[in-house]
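Below you'll find the structure, written out as structure tokens, and then a few comments.
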Amino acid sequence: MTLQLDHVSKKFGSFTAVDDLSIVIPEKQIFGFLGANGAGKTTTFRMILGLMDNSSGSITWHNESIDYSKSHLIGYLPEERGLYPKLTVKDQLIYLGKLRGMSKNDILTELDRWLERFNATEYRNKKVEELSKGNQQKIQFISAVIHKPRLLILDEPFSGLDPVNVELLKQAVVELKEAGTSIVFSSHRMEHVEELCEHLCILHKGKPVVHGSLKDVKRSFGKKNIVIHADFDLTYLNDINGVMKYKAVTEGCELQIESESVASKVFEALAGRGFVRTFDLEEPTLNDIFIEKVGASYE
Ligand SMILES: Nc1ncnc2c1ncn2[C@@H]1O[C@H](COP(=O)(O)OP(=O)(O)OP(=O)(O)O)[C@@H](O)[C@H]1O
């Protein structure tokens, strides 16, 4: 066990921003920490980082409370950028690395390794303000990991990156996990969470409404999806008992069904109507679960 939040709450006056949150984030794991805007994620991160006191409950790291003496063990990539626009990438990283107790030599060795890895060596002596949004994000990521933290908090780490760079950073995140880092991963991009996280928590108005392994969360949701592609009109499937949602897609539809047993009724209803190219029974997506639990339109 590494990071543990035990019945943690945070109040601002009479408003409760985080309400009785208990989670454990083990080593070698990427833990998905999700919630709509204003759900309480940043407030939770600030409490973990010791930037804000919790109103009640406890936050421990290897069974000890977290304070500034442990800040060199933690890396944080905030959602909003926190780099100094007028400094060069090199000077920026020297400054931030020294704050975390690194020597200049170690900082430069690590910086060059990361820049090479992210195909960004040409930006070493450029001012941050001269970099594109995506390249600034790479530098922000490097500044969060340069000191090899044991606990890494990543808030929307792939924002502003093109698909090639998303893959580069994703690979780096997976390698950090395999090397033993505990990672808290927050994103509104559910497909990234599904790909990277084994366990997750969804906050709604400060309260955890979903918590567990991705597998168990999907299983306990019960509902399933069917994807059908056919050369005839499928809208009549919407009238079958147990079909909860119908969404037209190119040359077909996606159905949300109440339970797996409804799939055979749908299958039978297709017989004799024409050519069916695809009939796929699928697990619910995290996006389906999020929308139902949080109730907001989400993308
Ligand atoms: N210093 C503060 N004083 C008063 N209220 C605050 C303060 N900080 C945050 N809040 C409130 O607490 C709630 C949770 O905010 P928080 O920033 O943690 O949400 P979030 O989940 O990070 O949202 P987002 O996805 O938009 O970043 C919000 O209603 C916010 O207005």
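Read the figures in this text as sums done on the coordinates, not as results from a lab. All values reported here derive from a predicted model rather than from experimental measurement. Cβ: placed from backbone, ideal geometry, glycine included. Neighbour counts: every protein chain shown.
The table below gives the values:
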| read-out | value |
| --- | --- |
| Globularity ratio of segment 209-298, using Cα Rg and 2.2 N^0.38 Å | 1.14 |
| Which listed pairs, of 104/133; 104/127; 170/215; 41/247; 10/70; 104/170, have C-alpha distances above 24 Å, in listed order | 104/133; 41/247; 104/170 |
| 0 to 90° range, to nearest 10: angle between helix 163-178 axis and the chain longest Cα axis | 70 |
| Positive-end residue, segment 3-218 charge dipole about Cα centroid, Cβ charges, pick of 190, 5, 145 | 145 |
| Nearest-ten-degree value, helix 133-145 long axis tilted from longest Cα axis of the chain | 60 |
| Gain upon complete extension [residue 170, residue 88; 0.36 nm per residue less C-alpha separation] | 27.0 nm |
| Reachable aspartates and glutamates from residue 90, criterion Cα separation under 16 angstrom, eight or more residues apart if same chain | 106, 110, 112, 116, 122, 129, 130 |
| Estimated Rh, the chain: Kirkwood, alpha-carbon pairs, angstrom | 21.4 |
| Label-zone membership for segment 133-157, site residue 195, 7 angstrom Cα→C-beta point, backbone N under 17 Å | 138, 154-157 |
| Helix-only [θ]222 nm of the chain, DSSP H runs n ≥ 4, -39500 (n - 2.57) each, per residue, nearest 500 | -9500 deg cm²/dmol |
| Those aspartates and glutamates that a straight Cα-Cα span of less than 16 Å connects to residue 205, excepting residues fewer than 8 apart in one chain | 19, 20, 292 |
| Separation of the residue 63 and residue 116 label points, Cα + 7 Å toward Cβ, nm | 4.1 |
| Share, in percent, of DSSP beta bridges within the chain that are antiparallel, nearest 5 | 70 |
| Loop chymotrypsin sites (Phe, Trp or Tyr not before Pro), segment 197-299 (other Cβ atoms within 10 Å of the site Cβ: 16 or fewer; DSSP) | 232, 275, 298 |
| Segment 223-283, dipole about Cα centre (Lys/Arg Cβ +1, Asp/Glu Cβ -1), debye to the nearest 20 | 80 |
